[in-house]
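To start, the structure under review is shown below, and the notes come after it.
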Amino acid sequence: MKVHTLSVLVENRAGVLSRVAGMFSRRGFNIESLAVGTCEVPEMSRITITVNGDDTQIEQVKKQLNKLIDVIKVSDITYREHVRRELALIKVAANPGSSRAEVMQIADTFRAQIIDVGAKTLVLQVVGPPEKIDALEKLLRQYGVKELVRTGTIAALRGSKTTAGE
Amino acid sequence: MKTGAKILIEGLLKQGVTTIFGYPGGVVLPIYDELYGSPLRHILVRHEQAAAHAADGYARASGKTGVCLATSGPGACNLVTGIATAYMDSIPMIALTGQVPTALLGNDAFQESDITGITMPVTKHSYLVKKAEDIDTVLGEAFHIAGTGRQGPVLIDLPKDVVTNEAPEPKPRGEISLRGYNPTFKGHIRQIEKAISMIGEAERPVIYAGGGVIASDASPELIRFAEATGIPITTTLMGIGAIPCDHPLNLGMLGMHGTRYANYAITECDLLIAIGARFDDRVTGRIQSFAPNAEIIHIDIDPAEIGKNKVVDLPIVGDSRMVLTCMLDRLTGRKERTTWNNKINHWKVEYPMSCPDDGVLRPQLVIKTLSDLLNGEGIIVSEVGQNQMWTAQHFCFRHPRTWITSGGLGTMGYGLPAAMGAHFARPDLPVFDIAGDGSIQMNIQEFGTIVQYDIPVKVVILNNMYLGMVRQWQELFYDRRYSYTELPSVDFVGIAAAYGIDGIRVDSADQVKEALTAAITTDGPFVLDFRVEREENVFPMVPAGAAINEMIGGQKE
Ligand SMILES: Cc1ncc(C[n+]2csc(CCOP(=O)(O)OP(=O)(O)O)c2C)c(N)n1
Ligand SMILES: [Mg+2]
């Protein structure tokens, strides 16, 4: 079992997301995260999916994705040079005087930004590979994580190569 | 300018469609108005499920894409089982559904249902058309998708305003190209060459042919390939008809109710050549014990089937006919495999697919007699259950597309409407629906359609007054506890008569031939109610979870 990162180009059409998501749930594949947005071509969208499975399962995932008419291209970039990032907003309990300073120090170490300061809470914005966000969340848990919002992983190939043109 | 409805009907005619099966309702009134007096023939069924099955039967018998039409909401929902049936067997079909006007979409309007959402898992693709000017393009794409690659049903949802609004005359359709859809037809040459050399080395090869061979019309190439290499063929339920039943290289059907010799050959082979087949669990039994000693070559148009259920040694993605043609071109010399051939012939003699001739009215006798009378010239459709398996086992099929059955989904109620569809595809051939007393009652209302259009379908009911296949499992695996599988006697001849169809009830073995002859020589539809031995079982049988050579029944007494 290994987490794979798939970059999927799709037609930017109504229903395409439910076709993709439906295929995963119907066939019992586990999506770890899914992020979708517009891309460099106007009528297409790019979906980045991270999915956990052994080689045979991942092979099936890719083939089944390719069978969807609205899927234009599936690139498994797991074993290629790439960068992965996720953004998270973490609302953490931080009472002035007690834990607030510590939380701010941790944020600093993770190069997380404090984007909201409330009476009893701080909202941290952190960007990085998903493992970094996991680590930060774990550290903050002792102070009380009130809310955790993650975008899901997005990824791009390093250098001049792109997943659309190869 | 033209209305969407007009563009739709003209588009279907342009596509070469001659017959569609449907049922009207509120939001499709504009389409029905356009059908009035149109050269496009519409067959009014009695239930939308039957429209879908009829379109499916039409497609299987003709090789062309079948078309059905239903109104929104309940009409569309009634199509679902028929669409799923076509999807599981990769049958090209277009399902047209009416939808509430675009302005009301999502409002829970009267007779609104999200049919594209409901059918997403059972369609190859679907469209919700938003503008009249899109209808013709969508139609072209839908037929292209349904009828190429691994074929399948495509649904087009048409809101009422889209078919009433006007749009300019569509431009002539060019070649259709979709950037997300590029099926592979030609097999990879190096893979094909490797296959040839594996075949050259094999001592005990077997071909396992499925519905893909029928879909790609590859039967002649398959037979030539088998004859050129001397390799025997076993077919799946869906592959029956790809090779004549009495061809010396035909091992019959494999799997749960396959022949002993086919299953033994699979178990002992050292090379398995799967062509247009998908290693379904009803075929493989316990998958680890399926072809345990074999290297596997898998030829299939759908790359996702390769390696899905069974690891294969050599995949060839492509159309069965094209790949076989290419292989035939490259064959050199034929290898003699006397020991293997002798072994198979020994099994064939030792474990023949026979039925006792003891004067009892057994279902197998009905099938055998019909088979002898028709001599393979006709279309045989089946329902689901024991009736289906006995037909697959005992009818001698000689041509592809003459055996029409719901394999993947196993849909009871499929047979009668599919037989109607098959008739419109091949009006030159006699069409028989081999039915169970349970299944026939799932779409028996279609007697009405048969009468209205004088469709000469002959219905052969193997009436055991049981949901026989389920009863068989209860007998064998649930200690004969017949929980809710007994059916009361029904006067099928009486029902037929009420609709205006002739029929005969048959109670003894010596009347079988005469009754079947009466049906064959009748011009119109005919219903035969055979009161068969009630607790007859389908043998041989591989119990669920067993290896396919661990069969019960089917030995010489
Ligand atoms: C729509 C549907 N419901 C339930 C089943 C499960 N099932 C499979 S075979 C069978 C019995 C069929 O009875 P009948 O049509 O009388 O055929 P027989 O087996 O007696 O020949 C049933 C209930 C099914 N295949 N399809
Ligand atoms: Mg029955």
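The values are calculated or read from the model by the stated rules, or taken from the named source; none is laboratory data. Just so you know, these numbers come straight off a predicted model, no measurement behind them. A quick note on method: Cβ atoms are made from the backbone with ideal geometry, for glycine too, and the neighbour counts reach across all protein chains shown. Just so you know, the surface numbers come from the protein's heavy atoms only, side chains and all, with ligands and any DNA or RNA stripped out. Shrake-Rupley method; radii C 1.70, N 1.55, O 1.52, S 1.80 Å.
Scanning for something outside any helix (DSSP H, G or I) and in contact with a helix residue (DSSP H, G or I) (Cβ under 6 Å, 6 or more places away or on another chain), does segment B:508-522 turn up at least one residue?
The first filter runs over segment B:508-522 and keeps only residues outside any helix (DSSP H, G or I), leaving B:508, B:522.
Now narrow it down to the ones that are in contact with a helix residue (DSSP H, G or I) (Cβ under 6 Å, 6 or more places away or on another chain): none.
So far as segment B:508-522 goes, no, none of its residues is outside any helix (DSSP H, G or I) and in contact with a helix residue (DSSP H, G or I) (Cβ under 6 Å, 6 or more places away or on another chain).
Looking at B:Pro121 and the list (1) more than 12 Å from chain A (Cβ to nearest Cβ); (2) in contact with a Lys or Arg (Cβ under 6 Å, 6 or more places away or on another chain), which single condition is not satisfied?
(1)
Using the structure shown, decide if B:Gly545 is over 14 Å from B:Val366 (Cβ atoms) and not in a loop (DSSP other than H, G, I, E, B).
It is false that B:Gly545 is over 14 Å from B:Val366 (Cβ atoms) and not in a loop (DSSP other than H, G, I, E, B).
Can you tell me which residues in segment B:202-257 are small (Gly, Ala, Ser), on the phi > 0 side of the Ramachandran plot and assigned to a loop (DSSP other than H, G, I, E, B)? Give the derivation first.
To start, the set of residues in segment B:202-257 that are small (Gly, Ala, Ser) comprises B:202, B:209-212, B:215-216, B:218-219, B:226, B:228, B:230, B:239, B:241-242, B:252, B:255.
Now drop any that are not on the phi > 0 side of the Ramachandran plot, which leaves B:230, B:241, B:252, B:255.
B:Gly230, B:Gly241, B:Gly255 - these are the residues of segment B:202-257 that are small (Gly, Ala, Ser), on the phi > 0 side of the Ramachandran plot and assigned to a loop (DSSP other than H, G, I, E, B).
Working only within segment A:43-77, note down all residues that are away from every other protein chain (no Cβ under 14 Å) and surrounded by fewer than 16 Cβ atoms within 10 Å (Cβ to Cβ).
The answer is A:Asn52, and nothing else.
Mind checking which residues of segment B:134-179 are in contact with a strand residue (DSSP E or B) (Cβ under 7 Å, 6 or more places away or on another chain), over 20 Å from B:Glu10 (Cβ atoms) and surrounded by fewer than 19 Cβ atoms within 10 Å (Cβ to Cβ)?
If the condition is that a residue be in contact with a strand residue (DSSP E or B) (Cβ under 7 Å, 6 or more places away or on another chain), over 20 Å from B:Glu10 (Cβ atoms) and surrounded by fewer than 19 Cβ atoms within 10 Å (Cβ to Cβ), then B:Arg179 is the only one that fits.
How about segment A:129-153: which of its residues are more than 17 Å from A:Pro96 (Cα to Cα), buried (at least 17 other Cβ atoms within 10 Å of the Cβ), out of contact with any Asp or Glu (no Cβ under 7 Å at 6 or more places or on another chain) and in contact (Cβ under 8 Å) with a residue 40 or more places away in the chain?
A:Leu136, A:Glu137
Go over the candidates B:Gly421, B:Gly448, B:Gly438 one by one and state the one that is away from ligand 1 (no atom under 15 Å from the Cβ), surrounded by 23 or more Cβ atoms within 10 Å (Cβ to Cβ) and not in a loop (DSSP other than H, G, I, E, B).
B:Gly421
Which of the residues spanning segment B:320-352 are open to solvent by 50 Å² or more (accessible area, probe 1.4 Å), hydrophobic (A, V, I, L, M, F, W, C) and in contact (Cβ under 8 Å) with a residue 40 or more places away in the chain?
B:Met322 - this is the single residue of segment B:320-352 that is open to solvent by 50 Å² or more (accessible area, probe 1.4 Å), hydrophobic (A, V, I, L, M, F, W, C) and in contact (Cβ under 8 Å) with a residue 40 or more places away in the chain.
Is there a residue being in contact with a His (Cβ under 6 Å, 6 or more places away or on another chain) and more than 30 Å from B:Gly553 (Cβ to Cβ) anywhere in segment B:309-328?
yes
Name the one entry in B:Val317, B:Val311 that is open to solvent by 60 Å² or more (accessible area, probe 1.4 Å), hydrophobic (A, V, I, L, M, F, W, C) and in contact with a helix residue (DSSP H, G or I) (Cβ under 9 Å, 6 or more places away or on another chain).
Details: B:Val317 fails: open to solvent by 60 Å² or more (accessible area, probe 1.4 Å).
Exactly one of B:Val317, B:Val311 is open to solvent by 60 Å² or more (accessible area, probe 1.4 Å), hydrophobic (A, V, I, L, M, F, W, C) and in contact with a helix residue (DSSP H, G or I) (Cβ under 9 Å, 6 or more places away or on another chain), namely B:Val311.
Kindly indicate which of A:Glu40, A:Glu81 is more than 10 Å from chain B (Cβ to nearest Cβ), more than 18 Å from the chain's Cα centre (by Cα) and surrounded by fewer than 15 Cβ atoms within 10 Å (Cβ to Cβ). Walk me through it before giving the result.
Values: A:Glu81 fails: more than 18 Å from the chain's Cα centre (by Cα).
When all the criteria are applied, what remains is A:Glu40.
Sort through B:Phe395, B:Phe432, B:Phe424 and tell me the only one that's in contact with a Ser or Thr (Cβ under 7 Å, 6 or more places away or on another chain) and closer than 27 Å to B:Thr485 by Cα. Steps first, answer last, please.
Working: B:Phe432 fails: in contact with a Ser or Thr (Cβ under 7 Å, 6 or more places away or on another chain); B:Phe424 fails: closer than 27 Å to B:Thr485 by Cα.
So the residue among B:Phe395, B:Phe432, B:Phe424 that is in contact with a Ser or Thr (Cβ under 7 Å, 6 or more places away or on another chain) and closer than 27 Å to B:Thr485 by Cα is B:Phe395.
Here's a check for you: in segment A:133-160, which residue that is small (Gly, Ala, Ser) and assigned to a loop (DSSP other than H, G, I, E, B) is nearest to A:Arg84 (Cα to Cα)?
Restricting to residues being small (Gly, Ala, Ser) and assigned to a loop (DSSP other than H, G, I, E, B), the top hit is A:Gly152.
Anything in segment B:451-466 that is near ligand 1 (Cβ under 9 Å from one of its atoms) and under 21 Å from the mean Cα position of the chain (by Cα)? List them, or say none.
Of everything in segment B:451-466, those that are near ligand 1 (Cβ under 9 Å from one of its atoms) and under 21 Å from the mean Cα position of the chain (by Cα) turn out to be B:Ile461, B:Leu462.
Is it the case that segment B:82-94 has a residue that's under 16 Å from B:Gly25 (Cβ atoms) and surrounded by 20 or more Cβ atoms within 10 Å (Cβ to Cβ)?
no
Do you know which of the residues in segment A:16-37 that are open to solvent by 60 Å² or more (accessible area, probe 1.4 Å) and touching a residue at least 12 places away in the same chain (Cβ under 8 Å) is nearest to the other protein chains (Cβ to nearest Cβ)?
A:Arg27
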